[in-house]
Amino acid sequence: MNRNFFLVGLLFAILPTSTFAQKQRSQAFKEKYILKEAVILSRHNIRAPLSTKGSLLEKVTTHPWFEWTAGASELTTRGGALENQFGLYFRKWLVDAGLFKENANPTTNEVNVYANSMQRCIATANYFKTALFPVGDVKVNHRFVPSKMDPVFFPRLTKTSKSFKAQALKEIAAMGGKKGIVGINEDLKECYEITAKVLDLKNSPACKQDNLCAFDNYNTQIILEKGDEPRMKGSLKDANTCSDALILQYYEEPDAKKAAFGHNITLTDWTKIAKIKDVYGDVLFASPTVAVNVAHPLLVYLYDELSDKDRKLSFLCGHDSNIASVTAALEVEPYDLPNSIEKKTPIGCKLVFEKFEGKDGQMYCDINLTYQSTDQLRNIAMLSLNNPPQIFPISLKGLQKNADGLYLLNDVKARFMKAIRAYDKIEDEF
């Protein structure tokens with residue numbers, strides 16, 4: 001089991017990058033706290049871009065894209081290998097914590113593996129659980145034949161009254177300061193320019209045929225329709241599509257220059273390209289009013305899993321939008337993940353809730369984001385307790401951790417209930 005995650009939040013700024021990931025928890029910690037359950041909300045691992053033949057991606061560049069090892073939106077070969085490493089790491093982590101024995105064959109009451117019914121989520125969950133329980137008869141649960149969105153994971157709006165829309169748009173505009181939506185886009189100007197340069201957008205079919213020669217439409221339209229995900233139109237939407245594909249190509253293509261279509265760009269440049277996707281996710285899913293709306297079914301499900309006395313492990317596999325909305329609904333303190341070009345919800349990342357029983361009889365909870373660094377993703381690093389993924393401590397606004405970096409479990413569950421009840425207060429249209 002990893003050492004007190006709280007210490008990492010204090011130390012990562014002064015430690016070298018290679019030693020950011022934590023070592024095992026101390027024996028003193030293990031004697032004081034017993035891990036009773038881990039609830040994990042995971043983003044799927046590396047997939048092929050969402051867009052298909054004839055889409056925007058084919059038009060925005062003069063260069064050929066990477067030859068993906070999977071169909072559009074599906075988990076790639078590299079994504080499977082990376083998730084396998086994650087499963088191997090969690091296996092050693094949970095055995096070291098004493099939650100499972102090596103080569104465990106847990107019961108259906110002890111372990112719940114549940115994926116959204118999209119191919120990339122089901123496949124990710126399968127790679128993870130096979131490495132985690134190599135001789136265990138653990139099933140990946142999903143509701144539908146791939147690929148269809150499960151209502152629990154579908155970040156759709158189920159209440160869209162006029163008052164809801166007005167409040168949501170107000171909160172989204174506030175992200176851009178005095179200039180609102182335009183301000184959000186202005187802050188991305190350099191990111192847009194770097195992305196356009198890498199794509200050679202000015203010479204692309206999109207420029208010649210559709211007059212899309214730059215990402216300069218700053219009047220983003222936010223679309224909030226009942227029964228659907230929040231959506232948008234404008235440069236942020238178009239640039240996000242390109243940002244997403246370029247990031248995935250950077251993870252997949254060993255030659256960084258080739259991944260950038262022949263350009264010599266820096267890691268800082270890649271981070272700026274990825275920032276477009278981070279902001280896109282925040283705008284659509286992280287405003288408080290939208291977050292409690294779209295995350296409601298998942299918040300209820302996570303709360304129930306944390307409350308299950310028989311459960312030892314719950315692994316839920318969904319999307320970046322799920323992690324973005326859940327963390328926003330729980331009022332997580334702002335964070336900026338180190339060692340990753342994606343600063344909010346990196347590919348394959350996992351929001352981990354650890355439930356501990358203290359020697360004092362109290363129940364405690366630790367919350368962390370676990371993710372593979374950009375280098376680990378690009379190199380398919382072998383993960384172990386001695387070479388762990390990145391683990392970043394998550395803090396909830398207004399709640400205090402104890403000296404060991406843990407929250408009272410009841411405080412965390414109360415925060416879940418606050419978010420769940422906030423949904424009930426949203427007016428709906430009739």
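Name the single residue that is farthest from Gly183 (Cα to Cα) among those in the range 207-253 being among the small types (Gly, Ala, Ser) and assigned to a loop (DSSP other than H, G, I, E, B). Step by step, filter the range 207-253, then rank; the result is Gly227. Looking only at residues in the range 112-133 that are in contact with an Asp or Glu (Cβ under 6 Å, 6 or more places away or on another chain), touching a residue at least 60 places away in the same chain (Cβ under 8 Å) and open to solvent by less than 20 Å² (accessible area, probe 1.4 Å), the one that is nearest to Gly80 (Cα to Cα) is Thr124. Considered as a group, the residues in the range 24-38 that are assigned to a strand (DSSP E or B) and modelled with pLDDT of 95 or more include one that is nearest to the chain's Cα centre (by Cα), and that residue is Ala38. Between Leu57, Leu50, Leu99, the distinction of being part of a loop (DSSP other than H, G, I, E, B) and under 20 Å from Phe261 (Cβ atoms) belongs to Leu50 only.
If you filter the range 154-182 down to residues that are of a type in the set (Lys, Arg) and either in contact (Cβ under 8 Å) with a residue 60 or more places away in the chain or part of a loop (DSSP other than H, G, I, E, B) (or both), you find that the one that is farthest from Asn116 (Cα to Cα) is Lys162. If you check Phe66, Phe86 for being aromatic (Phe, Trp, Tyr), more than 18 Å from Ser243 (Cβ to Cβ) and either in contact with a Leu (Cβ under 9 Å, 6 or more places away or on another chain) or in a loop (DSSP other than H, G, I, E, B) (or both), only one passes: Phe86. In the range 371-410, the qualifying residues are those that are charged (D, E, K, R) and in contact (Cβ under 8 Å) with a residue 40 or more places away in the chain, and the one that is most open to solvent (accessible area, probe 1.4 Å) is Lys397. Only residues that are surrounded by fewer than 21 Cβ atoms within 10 Å (Cβ to Cβ) and under 25 Å from Arg143 (Cα atoms) were counted in the range 82-111, giving 7.
The values are calculated or read from the model by the stated rules, or taken from the named source; none is laboratory data. Keep in mind the model is a prediction, meaning the values are calculated, not measured. Using ideal geometry, Cβ is built from the backbone for each residue, glycine included, and neighbour counts are taken over all protein chains shown. The area values use the complete protein model at the heavy-atom level, side chains included, leaving out ligands, DNA and RNA. Shrake-Rupley method; radii C 1.70, N 1.55, O 1.52, S 1.80 Å.
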